[in-house]
Structures are given as structure tokens and as C-alpha cells.
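For reference, the structure discussed in these notes is given below.
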Amino acid sequence: MLNFISKLPHVNQSIFSAMTTLCSEHQAVNLSQGFPDFETPNELINLVYRKMLSGHNQYAPMAGLLRLREILAEKIEHLHGYYYNPESEITITAGGTQAIFTAIATIIRPGDEAIIIEPAYDSYAPCVKIMGGFVKSITLEPPGYHINWQLLRRLISSQTKLIIINSPHNPTGTILDEGDMQELIKSVQQTDIMIVSDEVYEHIIFDGHTHLSVSHYPELQERSFVISSFGKIFHNTGWKVGYCTAPSKLMGEFRKIHQFEIFSVNTPIQYALADYLQEEEHYLQLVDLYTEKRNLFSHLLQGTKFKLLPCKGTYFLLAQYGDISDEPDINFAKRLIKDYGVGSIPISSFYTQNMDYKTLRFCFAKKDDTLKEAAERLSKI
């Protein structure tokens, strides 16, 4: 018998794949996995096609098309006030998740500790563990999901090398405000702790709030990898193109790993994105689209027995079902698919200890008709 030891012995199929499969089996409206069911803009699709016909079909530079990186540098400086050198401080990646993995791999060595704020995107902890690191979690609770910064600071030890933050936050829809950013600065000052800042939903933020990037704060920027995703901006998660920014010293180490993971990213799409990003309304108007969808879905769910939690950003809405059932959330989510034909994600799956607050996550990045059909089915409960 082959003696083989798993690096992730307790990890099985992701909850996202499991719920999507169940939705398919029961012809359910799939509001579980976080992807739009409407198309990416035709103009962008046509741009990619034209770039293919123009012969841009071979390897792109390892760090990404320089013209695209130059446009991103201008975009970030305009929005957040910091200019990243496109030559040495921006790398195009195969989606946000690859960028997260590479950043964590750059930082964590065996025995190092990483602090994760839960509920959290499910790739964070496994990436740390694959690198031989240890995860320390701070737990947020509904309805506000506020960070207890004093508790976070008590988790810091001499082995702490990384804090992972995410704003706008998946799955809760909360955002970090100025007070949070000052507390984060206080938490890492006079340490060598680095930050991975997952900002893939930066352009989906509501009600006049402003996205506060770590790039805006010199004390944080100097120690941070910032993760972004074109898939979230332009409704094409399947294209798997994102980018990472970091100071040149950190980015140099990031690229050492990046080049042996994937080397480079889809070439014609990079050329197309460089053209498409010339018009800032292509990403700045995103908030209008998703504000309408959030408001529509929230209004439709008012006629159900679910209790909705505030959503300040992302395209996810949390709903508590405690007035409907006392079932564990994963059981209730599965029954929701089988009996009512609507898919969701149980929030316990975003916690290392599977904390169950009787809360589900619904993705509202869907056509209006999709949301109306889902709400009609949910109203029958």
C-alpha cells in the first residue's frame, strides 16, 4: 500500500460546489455560488475576439501586460491616492484566489501564524495550512459582525506573520470604516506582521459609503498585498483574471512564486481589459447596477419569514431563518433546495468551528427574473 499523507486531511468538497450540484439535481434557482447569471458586456467580449484575431494569442509577460499594469496604476492612484509602480509593484494573476494563495505562500513558512477574521472566504485557512502555518481565528457575530480589535491584538504572538482582511466582506456584506483602519494600524505598528487585503468587491459598495483600501494608508500599504478581481467587476468570473499590488520588495518575492505556479495569464483578455478600462464608468457605474438588485431582492424578501441583515457591499445578502426553523443551517439550506427550489450557502461553512447562527447567504448578482422567481418560491415557506 502506498503511504501517502494528505496536507489537508479534513478538507472535502467545497460547500459552493456541493450546493451548486444539489441545485442542478433539483432544478433549483441557484443563489448559492457567487457568480452572475447575466452576460459580461458585449463590448468587452468583442474586444477579446478582436485581440485574438489580431494575433495576441501567445504568452503574455510573466507579470502581465505592461499597458494593463500602467492603466491599473493610474486607476489606483486616482481612487486611493497611492501610485504603484507598474513595472515592479503590480502583477496580473489568474483570478483573485490565485493571488491570495501566492501572497500567503510568499509570507507563511512552517510554524508561522496567520490571523483570520471569520466568517471568511474558504480559501484563506487552507492556504495557510498548506504552507505549514497555523490559523488563529477571531469570530464575528451577527447582526453587526463588528471586529473586536482588542481581542484580535490578544491573538498576536511572536509567531504571527500575517493578518488577512476582506472589505467589502464576503459573506456578511459589511465594510471596514475609518475606525477599523486606525485599529488595524495600531495592531501592526512596530511589528513585522504583513497583511493580505482581499478587496475584490471594492466597486460594489452601497449607500454613499466609500471603499477604504489599505493602499490609502502608508502604515498599511508598506506591508500589504492587495487583491483585486476583474471577474467581480465585469461579470465574467469564469475568465479568472485578477491582479495583486504590493511594494516592490514584497512583489519581487510574490513573482518568484507566481512564475512557477502559472507563469502568465490569458493574453487576449489582458489586451482587451487594457482598452476597456480606459473608460472609468465601466467600473464606477457598477454600484448603480448592484444597488438596484440589492434593493429589488430585499424588497421581494420582505414578504417572507426571513430576517434580512444589512448589506453595505458585495453582491450577497444574509438572511436569518430562526423564525422558520431551528435546524442546523446546512440542513436547512439543503431542504430549501429540495423542498422549495432555492439554493443558498449556510454561513457556518465560513467558520473554522462551524458556528451556526441560523443564517444563509443569497447571491443577488442575478437577472431580475431570477431574483423574482427565487423570492416567489421563498415566500411559500
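Bear in mind that the values in this text are calculations on the coordinates, not laboratory data. Nothing here was measured: the structure is a model prediction, and the numbers come from that model. Positions of Cβ are generated from backbone atoms using ideal geometry, with glycine treated the same way; all protein chains shown enter the neighbour counts.
Residues whose amide H falls under 5 Å from that of TYR243, counting only those 5 or more places apart or on a different chain, are THR93, SER228, SER229, PHE230, with hydrogens built in the peptide plane. For the chain, the spread of Cα positions along the three principal axes, ordered from largest to smallest, is 57, 56, 53 Å. All C-alpha to C-alpha distances of the stretch 58-279, sorted into 10 Å bins beginning at zero, yield P(r) values of 8, 36, 38, 16, 2, 0 percent in whole numbers.
Which of the GluC sites (Glu not before Pro) found in the stretch 241-317 are loop residues per DSSP with 14 or fewer other Cβ atoms within 10 Å of their Cβ? Let's see the in-between values first.
Details: sites: GLU253, GLU261, GLU279, GLU280, GLU281, GLU292; in loops: GLU279, GLU280.
Here the GluC sites (Glu not before Pro) that fit, given the DSSP loop and packing criteria, are GLU279, GLU280.
Taking amide H atoms as placed 1.01 Å from N in the peptide plane, the amide H of THR160 lies under 5 Å from those of GLU113, each 5 or more residues away in sequence or on another chain.
For a straight C-alpha distance cut-off of 16 angstrom, the lysines reachable from LYS7 (same-chain residues fewer than eight places away being disregarded) are LYS129. Residue by residue, the stretch 192-197 carries 3J(HN,Hα) couplings of 9, 5, 9, 10, 10, 10 Hz when phi is fed to the Karplus relation 6.51 cos²θ - 1.76 cosθ + 1.60 (θ = phi - 60°); x denotes Gly or Pro.
Evaluating kT/(6 pi eta Rh) at 4 °C and 1.567 mPa s, with the Kirkwood radius of the stretch 1-58 over Cα pairs in the Stokes-Einstein relation, gives 82 µm² s⁻¹.
The GluC sites (Glu not before Pro) of the stretch 76-107 that meet both conditions, a loop assignment by DSSP and at most 16 other Cβ atoms within 10 Å of the site Cβ, are GLU87.
Distance from the Cα centroid of the stretch 67-92 to that of the stretch 278-350 is 33 Å (rounded to whole angstrom). Using the Karplus relation 6.51 cos²θ - 1.76 cosθ + 1.60 with θ = phi - 60°, the per-residue 3J(HN,Hα) values for the stretch 215-221 come to 4, 7, 10, x, 5, 9, 4 Hz, with x marking Gly and Pro.
So which trypsin sites (Lys or Arg not before Pro) in the stretch 1-94 are both in a DSSP loop and have at most 12 other Cβ atoms within 10 Å of their Cβ? For trypsin sites (Lys or Arg not before Pro) across the stretch 1-94 that sit outside H, G, I, E and B with at most 12 neighbouring Cβ atoms in 10 Å, the list reads LYS7. The HN-Hα couplings worked out from phi for the stretch 334-350 by the Karplus form 6.51 cos²θ - 1.76 cosθ + 1.60 (θ = phi - 60°) are 5, 5, 4, 6, 6, 9, 10, x, 9, x, 8, 10, x, 5, 4, 6, 8 Hz, whole numbers, x standing for Gly and Pro.
Alpha-carbon geometry of the stretch 242-292: the Rg and the Dmax are 15.2, 42 Å, given in that order. Near the amide H of SER137, within less than 5 Å, lie the amide hydrogens of ILE116, all on another chain or at least 5 residues away, with H placed in the peptide plane.
Each residue in ASP329, ASP323, ASP198, ASP37 was given a count of other beta-carbon atoms within 10 angstrom of its own, and listing them fewest first yields ASP323, ASP37, ASP329, ASP198.
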